[in-house]
Amino acid sequence: MESHEQQFLILNEPMIVAAMISIVVGALSLVIGVTYFKKWGYLWREWITTVDHKKIGVMYILVALVMLFRGGVDALLMRGQTAMPENGLLDAQHYNEIFTTHGVIMILFMAMPFIIGLMNVVTPLQIGARDVAFPRLNSVSFWLFAVGAGLFNISFIIGGSPDAGWSAYFPLASLEFSPTVGNNYYAISLQIAGLGTLMTGINFLVTILKMRAPGMTLMKMPMFTWSILITNVIIVFAFPVLTVALALMTMDRQFGTKFFAMQDGGMDMLWANLFWVWGHPEVYIVILPAFGIYSEIISTFARKNLYGYKSMVVSMVAISLLSFVVWAHHFYTMGHGVMVNSVFSITTMLIAVPTGVKIFNWLLTLHKGKISFTTPMLYSLAFIPIFTIGGVTGVMLAMASADYQYHNTMFLVAHFHYVLIPGTVFAVIAGFHFWFPKVFGFRLNEKLGKLAFWFITISFNVAFFPLFILGLNGMTRRMYTYSESTGYGPLNMLSFVGAVGLGIGFIILVYNLYWSIRYSPRDETGDPWDARSLEWATHGPVPFYNFARIPQVNELDAFWHAKKHNKQLWSGPIEKIHMPSNSGMPFLMSGAFFAAGFCLVFSWWIPTIIFTILIFVFMALRSFEQDHGYYVSVEEVERIERELGGDK
Amino acid sequence: MDRYYSRLSALKCSNVKLLTICSLFTRQLIRKGYSMKKKWLLLSAFFAMAAVLAGCENPLMVLDPKGPNAETLSDTIIMSIIVMCGILFVVYVLYAYMLVKYRASKMGEDYEPPHVHGSTKLEIIWTIIPIIIVVFLSVITVQSTKEVESKPLGYEDQEPLVIYAASSNWKWHFSYPEEGIETVNYVNMPVDRPVEFRLYSYGPITSFWIPQLAGQKYAMSAHVTKIHLAADVPGSYMGRNSNFNGAGYAQMEFEAQAMTAADYDEWVNDVKNTAPELTESEFDELLETDFVGRQSYSSTHLEFKPAPEGHHHGTPTAAEEDSAEEEMETAPSSDADHFHHQEAEE
């Protein structure tokens, strides 16, 4: 306890103090600004209490963008520190904290919410639904995620960040070797955010299975919806493992149990296994929706239906099954013996087969198409060659014997960045540009979008290709410094230059957001890309009830066929619409989660218990609440439709 | 020695072949005049790969093996890179073809792309061919894994030199039970003799790695893992912990020196005669110290703190029982000397 209190606020690092001051100033100016413009009521009514899937999606993406910059600054600091041998920008402890938070934030608080944000905005629209199955649960999911992210991010100013790597291997992450509260933050913030994700998984599974528009059978669903369905199945199976692992970790660190201890029957290898039993499917949780996004965009801008729809679905199902039987490839070097390593090598390499099928299907979708190079399409096209490098190096890593030489080296670091950046990051940026006009009613500027694209794509390769070579030259990951005699200097410098370029690319991307909000011409059609699936059939910006009349679906790409053959997707009169009502309960309950979690990090037992009771009080209140939603009258719907430019 | 040189020249040969293939790919693609981005991407990829593999003057550590096990791995890696280049080539050619041929600017205003469902035949083809590649790579993986998990090729009939390597924050302790000596942060071994490293850790998981002699393996607290290797050429090689284990991780390097049998014997005698004995209290103090330089001792810590192997050491845990089974699986051939060694200890 003493050690915790001694460094409650981290004041001995100038960089952290500067960050702290800027956060305080930023927060204060935000509060003053909102108060000055009298926007508190608006914020509360329209955003904080909302259960609208589109607004929740927008909030997810907003947090993801902020986290992209937080994780990006971490990355720049890391590359800056290693750009030169014996560099003194960061000390070992600071570097260790930064690569840990970079990993956690980029995977769990950037990639995941960006994907879940797009999933929220798009999925109900694509299946012709008015909202998700459990709108209020959706709001709980978001706010749990948001407070989890908040809790994780305050660690670096209050108490110290986790410093045992994003995989937090035991015994390194145990109290004995990581005595600061950093890994308590890790366990508890991931636990809270993970609960939110698990709820999202259940929510979208039910939404997709039960709320599709009439006529939309499973095999008539858009590919993005398919990818989301499969992703949520993976979430529902994988996240409970993380929940259990984190609970055991918390008990080991705070209640003296010995699950992962080195003595008294504990087993450090158990953590590694549990972590990767969740961790590997997690990779596919962020990559399968990306495949869905690319399928939508490539087929839209090639002006052709997706090639091999059935094999696309089958390959995604195959990937999801295989994703659960490959986890031991993350530690071939643990000494399992030839038999175990061989089995996991083969299952891992098998993943290349369905992935390859998908690559060839995308290529054949382009065949005889009419390819236009819009910003979302550029990202999707760049994905194919770059991701293939990530894929083939993945097969190389899958070979157990060779992995004895790649494991823990920069080769591995290069590989997973070659998978995750063109795979997930390019996809969410492409999806962001693609669906932006649907939500806000105008497109992002194409010129700035393309400029950002070139910066990002070229810099990405400059930043990460050298790491393959460094890895083969024996440079291991997570080294905060190296001596000049190793010869690692020049390539690390090159990589740093690439990292700076990536940073510039992302700044252009955000500047584009600002520029387009101010100057971009507004779109009146609701279908600016001449696209194919149902979300483009309604107005843009989408009215809160999504569709005035629920569409009738008869084939895949129903909207495209309706446009081609001048058919109507809906018939009959407009009826009154049943909608869920807003609620502040999810926000308040998540606040209690945050308070309980924060107190638990510091082992302040009494407040922890009080706030935990508060959480249950909120749940009890919810159980006794009578809320059947409300109806939007026919006149109201007709009025909104007229304002948005005619019946849809 | 002869073996080594013949292997090396074979390696050079494969480098040259690969280079030719790479430059051919590149030239072909440039001639076709693909868009700047693609050209750039391909160029950088192929030149980087060429640089990696052709660097004969200053070769990359992993591809510059000095012993049979590292050589097996290097050969496996180079072979897999060639296969992967082939796959990349197919994808890139198809990709470039589609992008060049079917861009909207070339297709005319009123061109309407056809509705194509897919082709069962094509889809079966690009399922079967990857499966064949995976089968091929699987065979190689199983073979090479088996090879590096047993006594090095060409040394099967020799008794290995056993060296225990234990990590503690942030040092490596090397114990030679046969010779009765111990070192810290450096390890010497004779060339042309198989060496069996037995790894364990006093603390977080570490990974023992001498890239030019063998692939890495974890050192853990609950049980012993093994690395088999042999050095063909005398020399000084970089060894390090490659698994992050806290603040002193970056500095956790050691020197692995392979020397002729005569030099090695001389060194062992030297240490035996001049170095101090390692007492238990001294060893405990050593474990507590974060960083130390090189140390030599004329006795080993195994006498009072045995390695966590077998059932009669330390507390019997589930982990140990599992590990014992795993060891049987990993190296059945070395069981005999394993037991022999334990008897010697007692």
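In this label model, A:V66 and A:Y36 are separated by 2.0 nm, measuring between points 7 Å along each Cα→Cβ vector. Cross-link pairs exceeding 26 Å in C-alpha to C-alpha distance, out of B:K226/B:K305; A:K358/B:K146; A:K563/B:K106; B:K146/B:K217; B:K217/B:K272, comprise A:K358/B:K146; B:K217/B:K272. Between B:R294 and A:K564, the simple label model (points 7 Å from Cα in the Cβ direction) yields a spacing of 7.6 nm. Taking a spot 7 Å from the Cα of A:V244 along the direction of its beta carbon, which residues of segment A:160-197 have an amide N less than 17 Å from it? Residues passing the 17 Å test: A:191, A:195.
Near the amide H of B:W209, within less than 5 Å, lie the amide hydrogens of B:R240, B:S242, all on another chain or at least 5 residues away, with H placed in the peptide plane. Note on A:V500 and A:A18: the model spin-label points, each 7 Å out from Cα along the C-beta direction, lie 1.6 nm apart. This model, with +1 at the C-beta of Lys and Arg and -1 at the C-beta of Asp and Glu, gives the protein assembly as shown a dipole about its Cα centre of some 6880 debye. Compared with the dominant principal axis of the Cα atoms in chain A, helix A:135-154 is inclined by about 30°. Give the angle, between 0 and 90 degrees and rounded to the nearest 10, that separates the Cα long axis of helix A:489-519 from the longest principal axis of the Cα atoms of chain A. Between the helix axis and the principal axis of chain A, the angle is about 30 degrees. A helix-only calculation puts chain A at -21500 deg cm²/dmol for mean residue ellipticity at 222 nm, using -39500 (n - 2.57) for each DSSP H run of at least four residues, averaged over all residues. For chain A, find the longest principal axis of its Cα atoms and tell me its angle to the long axis of helix A:182-210, 0 to 90°, nearest 10. The helix A:182-210 is inclined about 30 degrees to chain A. What's the center-to-center distance, using Cα atoms, between segment B:245-310 and segment B:131-160 in Å? Each part reduced to its Cα centre gives a spacing of 31 Å.
Residues whose amide H comes within less than 5 Å of that of B:N188, counting only those at least five positions distant or on another chain, are B:Q257 (H built at 1.01 Å from N in the peptide plane). Explain nothing, just the number: dipole magnitude of segment A:512-648 about its Cα centre with +1 on each Lys and Arg Cβ and -1 on each Asp and Glu Cβ, in debye rounded to the nearest 20. Rounded to the nearest 20 debye, it is 220 debye. Residues in segment B:206-219 carry Karplus couplings, in order, of 10, 10, 8, 9, 10, x, 7, 10, 6, x, 8, 8, 6, 10 Hz; the curve used is 6.51 cos²θ - 1.76 cosθ + 1.60 with θ = phi - 60°, and Gly or Pro positions show x. For A:Y545, nonlocal amide neighbours, meaning residues 5 or more places apart or on other chains whose placed amide H falls under 5 Å from its own, do not occur. Hydrodynamic radius of chain A by the Kirkwood approach over all distinct alpha-carbon pairs: 25.8 Å. 3J(HN,Hα) along segment A:54-63: 6, 5, 4, x, 4, 5, 4, 5, 4, 4 Hz, from the Karplus curve 6.51 cos²θ - 1.76 cosθ + 1.60 with θ = phi - 60°, whole Hz, x for Gly and Pro. What is the distance in Å between the Cα centres of segment A:480-512 and segment A:313-391? Between the Cα centres of segment A:480-512 and segment A:313-391 lies a distance of 27 Å. Note that segment A:573-585 has calculated 3J(HN,Hα) couplings of x, 6, 10, 5, 10, 8, 10, x, 8, 5, 8, x, 4 Hz, one per residue in order, obtained from phi through the Karplus relation 6.51 cos²θ - 1.76 cosθ + 1.60 (θ = phi - 60°); glycine and proline are x.
Each reported figure results from applying straightforward, stated rules to the coordinates on display, with no laboratory input. What you see is a predicted model, and the numbers here were worked out from it, not measured in a lab. Ideal geometry is used to build each Cβ from the backbone, glycine not excepted, and the neighbour counts take in all protein chains shown.
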